[in-house]
Amino acid sequence: MVSNRTWMMIAAAFVAASSLALSACSSCEPEKAAAPGAKPAAQAGAPAAPAAKPAGQPPAPVAGQPPAAAPGQAAANNDVDELYVDAEADPDEGQPPLKVKFTSTIEDATGAVSCEWDFGDGSAKSTEMNPTHTYEKVGDYVATLRCKDSKGIEGETEIDVTAYVDE
């Protein structure tokens, strides 16, 4: 059974979350009072007249959305500054010699992607996308995957591998 104190905490959290959500909503804000000498605001419920803008100008940005690119220009916000790189190891632990199949996932790349695996055990690095590597000695290893696309944008990730002896 849930205590009254627990219900009060749940209710308080709900009220706080509702307040936060409403404060982020610009249409939920009350109208501000007009400055002295200003023209009266439009009547409640009547649509506001659109503001005039010079010809050839891009439309004004909508709240919560990025501004539109000017005519003839590409949107710059499609550029990424880092590749999303993920790696998996199967298995990631076991007794040596531990044969591990590494799998890579790269997103947000442009053009060809080159990768380099450092297995963390002092062995030669690999440029295969999904290499297999054998850990010969007991130890905790950190395998690192570094990738670069044709634009020179880079990304990297690490994965832990443990080779151990059962006692």
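The values are calculated or read from the model by the stated rules, or taken from the named source; none is laboratory data. None of the values given here were measured: they were computed from a predicted structure. No Cβ is skipped: glycine too gets one built from the backbone with ideal geometry, and neighbour counts run over all protein chains shown.
Being assigned to a loop (DSSP other than H, G, I, E, B), touching a residue at least 24 places away in the same chain (Cβ under 8 Å), polar (S, T, N, Q) and loosely packed, with under 12 Cβ neighbours inside 10 Å, is that true of even one residue in the range 150-164?
To start, the set of residues in the range 150-164 that are assigned to a loop (DSSP other than H, G, I, E, B) comprises 150-153, 164.
Then keep just the ones that are touching a residue at least 24 places away in the same chain (Cβ under 8 Å); that gives 150-151, 153, 164.
Going one step further and asking which of them are polar (S, T, N, Q), we end up with 150.
Checking which are loosely packed, with under 12 Cβ neighbours inside 10 Å leaves us with 150.
Checked against the condition, which is being assigned to a loop (DSSP other than H, G, I, E, B), touching a residue at least 24 places away in the same chain (Cβ under 8 Å), polar (S, T, N, Q) and loosely packed, with under 12 Cβ neighbours inside 10 Å, the range 150-164 yields at least one hit.
Would you say P131 is out of contact with any helix residue (DSSP H, G or I) (no Cβ under 7 Å at 6 or more places or on another chain), within 23 Å of E167 (Cα to Cα), at pLDDT 95 or above and surrounded by 14 or more Cβ atoms within 10 Å (Cβ to Cβ)?
Details: out of contact with any helix residue (DSSP H, G or I) (no Cβ under 7 Å at 6 or more places or on another chain): yes; within 23 Å of E167 (Cα to Cα): no; at pLDDT 95 or above: yes; surrounded by 14 or more Cβ atoms within 10 Å (Cβ to Cβ): yes.
No.
Within the range 74-131, the set of residues being of a type in the set (S, T, Y) and assigned to a loop (DSSP other than H, G, I, E, B) comprises T110, S123, T127.
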